[in-house]
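Notes follow the structure.
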Amino acid sequence: GAGVSQSPSNKVTEKGKDVELRCDPISGHTALYWYRQSLGQGLEFLIYFQGNSAPDKSGLPSDRFSAERTGGSVSTLTIQRTQQEDSAVYLCASSLSQGSKNIQYFGAGTRLSVL
Amino acid sequence: GEDVEQSLFLSVREGDSSVINCTYTDSSSTYLYWYKQEPGAGLQLLTYIFSNMDMKQDQRLTVLLNKKDKHLSLRIADTQTGDSAIYFCAEFGGGFKTIFGAGTRLFVKA
């Protein structure tokens, strides 16, 4: 089927505004991850969902960041009161299960620019 | 904590071999991966190696693992301009978290 889909592909916003980023994982994948990729940096883990378990939010940088996953499928990452340092590419990935090889399949990302 | 390190840039001529190196710290890593990221795209799994293996070959790609030194390398034979991308090393030790390096940007000169 289709791969991981993220929308929008680009988002330009003004400082202080809220933004929502969407991720549609591969059908049947129980695990979903959000990462942040800043210019020239590696992947910064943000949050992890596995099935119906409570998400691991240990990577969220501040309480302005939150995420939810509805019905074990689509996920939304929300950033409130955006700051310029939030500008980055936000990548979503899904995998079949948390065990075994944990091969992650990535979306193309949402490039967020905060002016 | 766990960490994965790799050099940031590598430049090679078309037709030469490229070797991208990576070191990791988690001795309990079970799988080690190489992901490739082309401009404007997400990461795509290139190859992986299980921790009880020393080497894995897949067409132009050769992965070498030195578990004692916690060193992983990716060799691309006959490098082409289409190989220009960012290559991420990553480790997985079970649980859920895969740790990614910062990525090595490979430039291939024609």
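Overview of values
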{"quantity": "Whole-angstrom gap from the range A:25-40 to the range A:58-115, using each part's C-alpha centre", "calculated": "6"}
{"quantity": "Interchain or long-range residues, amide H under 5 Å from B:ALA85's placed H", "calculated": "B:LEU106"}
{"quantity": "Disulfide-incompatible cysteines by the Cβ rule (no partner under 4.7 Å) in the protein assembly as shown", "calculated": "none"}
{"quantity": "Pairwise FRET efficiency - A:GLU14 versus B:THR25, Cβ, R0 = 35 Å, nearest 0.05", "calculated": "0.30"}
{"quantity": "Percent of beta bridges antiparallel (DSSP, chain A, rounded to nearest 5)", "calculated": "90"}
{"quantity": "Spacing of the two label points (7 Å from each Cα toward its C-beta) at B:LYS68 and A:ARG111, in nm", "calculated": "4.6"}
{"quantity": "Loop trypsin sites (Lys or Arg not before Pro), the range B:45-97, which have at most 11 other Cβ atoms in a 10 Å radius of their Cβ (DSSP)", "calculated": "B:LYS68"}
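Read the figures in this text as sums done on the coordinates, not as results from a lab. Since the model is a prediction, treat every value here as computed from it, not as a measurement. FYI the Cβ positions are ideal-geometry reconstructions off the backbone, even for glycines, and counts take in every protein chain you see.
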